[in-house]
Amino acid sequence: MTSTSLSLEKRKSKLEALRTHLAQGTRQARADEFVDDFSMDALINDLDSEA
């Protein structure tokens, strides 16, 4: 695998994680389930640290 392929795989993985999270948030919002201390910045930092 080339460096470009690895980079694309990382981006694809991060994008899929974001899509999954957004879908979960949509379901929760429709059910009026909200997290009191949610931070989008914390989510982004967590996802960046996984890479």
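Here are the numbers for the structure shown:
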item: Simple label model, 7 Å out from Cα along Cβ direction - Leu8 to Phe38, nm; result: 3.3 nm
item: Accessible surface, per residue, of the chain when the full set of protein chains is kept, probe 1.4 Å, Å²; result: 91 Å²
item: Cα-based radius of gyration of the chain once divided by 2.2 N^0.38 Å, which approximates compact folds; result: 1.42
item: Estimated [θ] at 222 nm from DSSP helical runs (n ≥ 4, -39500 (n - 2.57)) normalised by residues in the chain, nearest 500; result: -26000 deg cm²/dmol
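The values are calculated or read from the model by the stated rules, or taken from the named source; none is laboratory data. Here the structure is a predicted model, which means the values were calculated and not measured. FYI the Cβ positions are ideal-geometry reconstructions off the backbone, even for glycines, and counts take in every protein chain you see. The accessibility values were calculated without ligands, DNA or RNA, using every heavy atom of the protein model including side chains. Shrake-Rupley method; radii C 1.70, N 1.55, O 1.52, S 1.80 Å.
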